[in-house]
Amino acid sequence: MQITEKQYYTPDKYLELEATADHKSEYIEGQIIPMAGASINHNRITGNFYAALNFAFRQQEKYEVFNSDMRLWIPQRLIYTYPDVMIIADEPEFFNNRTDTITNPQVIIEVLSKSTKGDDREDKFAAYRTIPSFQEYLLIDQNRIYVEQFSKTGKKRWNLCEYDEEDENISLVTVPFEIYLQDLYNKVKFEVVESEPKNNS
């Protein structure tokens, strides 16, 4: 089997390439990783959450919400990434005065796909926890009604709440905001999985 040698890039080279690229890529410890396109359910959920947050914060100067067009720099892990939604408390802190890259999210929301859910739940969560301002993490399943909410309770301590019913509402712990799951999943259509016929023989 032929082994392909990995090519390593500096963070500055990544930013140079990203500025002219026709699609977004993440940067992880020297590797440039193209991001897959989002599904329609992913876009619906992200749009519902982002719109609700924007409406809730319209008269609150303390909080600001960003979508996946805003890049996040995680210096302790040498990662540039694009979370689905981020909430900033007070003023955004920009990396090297770049207004397209922030460093101080308080809340991060990721919509899971089959290909990214393992990374979002493990490696990416571990990387996010190195950010001093990071206090709360939501993982939203796009294939069923299910949300995991992690909130920081102390040094190296996080609390988990799970939601899986339409009439439940999620209240953020570190930000004054709540949303019903039926509003979060508005217009989302789940695939119907047909069960295999039983063999009676």
Problem set entry | Chain lengthening between ASP22 and SER133 when straightened (0.36 nm per residue, less Cα-Cα) | 36.8 nm
For this session: Take the chain, connect every pair of alpha-carbon atoms lying under 10 Å apart with a spring to form a Gaussian network, then pick out the residue of ASN159, ASN186, ASN104 with the largest mean-square fluctuation.
Result: ASN159
Exercise. How much length is gained if the chain between TYR8 and LEU78 is pulled fully straight, taking 0.36 nm per residue apart and subtracting their Cα-Cα distance, in nm to one decimal?
Worked result: 24.0 nm
Exercise. If contacts are Cα pairs under 8 angstrom and at least 6 residues apart, what is the relative contact order of the chain in percent?
Worked result: 15
Seminar exercise, completed: Given unit charges at Cβ for Lys, Arg (+) and Asp, Glu (-), the dipole magnitude of region 76-177 about its Cα centre in debye, nearest 20, is 660
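Among DSSP bridges having both ends in the chain, what percentage is antiparallel? Round to the nearest 5.
About 80 percent, rounded to the nearest 5.
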Problem set entry | Pairs of alpha carbons in the chain whose separation is greater than 28 Å (percent) | 31
For this session: Show ARG44, ARG58 ordered by accessible area, largest first, where the area counts protein heavy atoms only and the probe is 1.4 Å.
Result: ARG58, ARG44
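Could the peptides 10-16, 125-131 be put in order, highest first, of the mean number of other beta-carbon atoms found within 10 Å of their residues?
125-131, 10-16
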Problem set entry | Helical contribution to [θ] at 222 nm, DSSP H n ≥ 4, -39,500 (n - 2.57), averaged over the chain, rounded to 500 | -5500 deg cm²/dmol
For this session: For a quick protection proxy, order the peptides 176-185, 64-73 by their average other-Cβ count within 10 Å, most packed first.
Result: 64-73, 176-185
Problem set entry | Space enclosed by the convex hull of the alpha-carbon atoms of region 55-149, per residue, Å³ | 106
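The values are calculated or read from the model by the stated rules, or taken from the named source; none is laboratory data. Since the structure is predicted, the reported quantities are computational estimates derived from the model, not experimental observations. Counting neighbours? That spans all protein chains shown, and the Cβs are built from the backbone with ideal geometry, glycine included. Just the protein is used for accessible areas: all its heavy atoms, side chains included, with ligands, DNA and RNA removed. Shrake-Rupley method; radii C 1.70, N 1.55, O 1.52, S 1.80 Å.
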